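Structure, as structure tokens:
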Amino acid sequence: MKVQPTKVIILSVGDAQYPQDALGKVIESVREGVATLPSAEVVGAYTIMDDKDADIVASEVSEKIFDAIIVNYVSWHITPYVMRTLKNYKEKPILVWGIGGWTDASGKLIAPAAAAGTTALVPVLKELEYKYMVINQKPDEALRLQEVDKFLHTVGAVKAVHHSRIGLYGYADMGLFSCAYNKTLAFKKLGVDIEDYLAYDLVDQMKGYTDEEVAAAVEEIKQKTTFENEIKDETIAKVARLYLAMKGKKGQRGLDAISIKCVYGVTQMGFNPCLAQSLLADKDTSVICECDAYGMLTGIILSRVSGQSSAFVEHYEVFDDSVLVGVCGFVPRDFIEGDMKIRSANLGEFNTGISNVSKMKTGVVTYARLYETKGDYKLFLGKGEAMPNPKWTEAGWCDPTPDFPSVLLKPGKDMQYYMENVPGQHIVMIYGDWEEEIELFCKFAGIEVEK
């Protein structure tokens, strides 16, 4: 599910003793500004200045369907008035937005004291464990609509994750503890029902495509990739069938994320799933190997918050201030610098597959991993820098060894701390600095962030 505009109620609050004409102009500008935001669908706008307003607004808001509330302080406000409405919506994220005063023609600052109102409300919200964000604007400052947009988009991202659907072919590849998951907790915290499918279902789907459909998929592969060596037609056809099967399941079930058993799964059929996954992954589809359910949930969160593709990487080697991270032949198109390059590559005697050997982009990245501890979720989160990787290969691959998509990650943390606390062999990355937005997501979703 893509992020849709957030249905929002605007409560403009102040005090009847202040000049209503001046406050009215501020209220009008706020409502007009919010209405222009791509993340906003304003379903109601109300003003509370006194006790009578409080009763009327509480009644009218009760008839609306919405996802978030903006409490816009244009002056001092008596807290119990607005709480008459807010008390009924503890589950709704709230933006407390105080507007600063203005300087008159003589140079005097006119202060309606919105800061007094916001600082009277916020302790109440905190004590009652509401989910909220605060903006306190300076006098004469332009409306901070970009921050309002961030709030509304994040609320929308939480809703999008809540309504997302993920599917697994198999469970916890190789019996890995880090790929196990608590189905009930995922539903409780994020509203996500993790579906599981039989490996037989995947094989059956692969067999169900006609030669013409497979030929079209093979042609798509040839158009979207650059071959680094000769790849047998038989191998390309197998990968094409897997790609069609995974794509078909995504469409059939409306999946936002998908993972399959790899090492103890597809590779036992004599090829790897890397290229099929590379073609499937984008900003709307989180794809990860080894039935890593929490990796998929992390990918959905990062993609919905950022609007970008997310990708998992695995830890290979540790250095003084960095760690070599990469993937054995899979990376989404958005992570690639230049062409998507593929090559035939063998791991041992049984896996004659196709590896994505594209070069990964460098630059600022945000990385994370959702994990379960003591019956609840935490998110391991950080911002780092992806640096060019050295020439390397994973032991076991036949010559000529493939160059896996990888980077040297400088995690922005002490390496000893990072390696002792990273909650799994996989982390999920997106490009750019998204720490603040992801923290806000976790605040609204009730997930503790471990930084």
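The values are calculated or read from the model by the stated rules, or taken from the named source; none is laboratory data. Just so it is clear, the structure is predicted and the values come from calculations on it, not from any experiment. Note: ideal-geometry Cβ built from the backbone for every residue, glycine included; neighbour counts use all protein chains shown. To get the accessible areas, we keep the full protein, side chains included, count just its heavy atoms, and leave off ligands, DNA and RNA. Shrake-Rupley method; radii C 1.70, N 1.55, O 1.52, S 1.80 Å.
Points to keep in mind about this one:
- Segment ASP414-ASP140, length gained on full extension (0.36 nm per residue, minus Cα span): 94.4 nm
- Amide proton proximity set for LEU176, modelled H, under 5 Å, gap of 5+: none
- Rounded to whole Hz, the Karplus (6.51, -1.76, 1.60) HN-Hα couplings of the stretch 446-451, x for glycine and proline: x, 10, 6, 9, 9, 9
- When you filter the chymotrypsin sites (Phe, Trp or Tyr not before Pro) in the stretch 224-274 for DSSP loop state and at most 10 other Cβ atoms inside 10 Å of their Cβ, nothing is left.
- ASP104/GLN17 FRET efficiency (R0 22 Å; Cβ-Cβ; nearest 0.05): 0.75
- For the chain: accessible area per residue (Å², 1.4 Å): 43 Å²
- Computed from phi, the 3J(HN,Hα) profile of the stretch 364-380 under the Karplus parametrisation 6.51, -1.76, 1.60 (θ = phi - 60°) reads 5, 10, 10, 10, 7, 7, 7, 8, 9, 8, 6, x, 9, 9, 10, 10, 7 Hz, with x in place of Gly and Pro.
- Heavy-atom surface analysis with a 1.4 Å probe gives the chain a carbon and sulfur content of 51 percent of its accessible area.
- Label sites at THR210 and GLU60, each approximated as a point 7 angstrom past Cα along Cα to Cβ, lie 6.0 nm apart.
- Net lengthening on full extension, SER29/TRP392 (0.36 nm per residue, minus Cα-Cα): 124.9 nm
- If R0 is 30 Å, the Cβ-Cβ spacing of ASP284 and GLU147 corresponds to a FRET efficiency of close to 0.70.
- Here is how the number arises for the chain: DSSP H runs of 4 or more residues each give -39500 (n - 2.57), the sum is divided by the residue count, and the result at 222 nm is -11000 deg cm²/dmol.
- Where GluC sites (Glu not before Pro) fall in DSSP loop in the stretch 342-423, at most 12 other Cβ within 10 Å: GLU349
- Label point distance in nm, VAL364-ALA199, each placed 7 Å from Cα along Cα→Cβ: 4.4 nm
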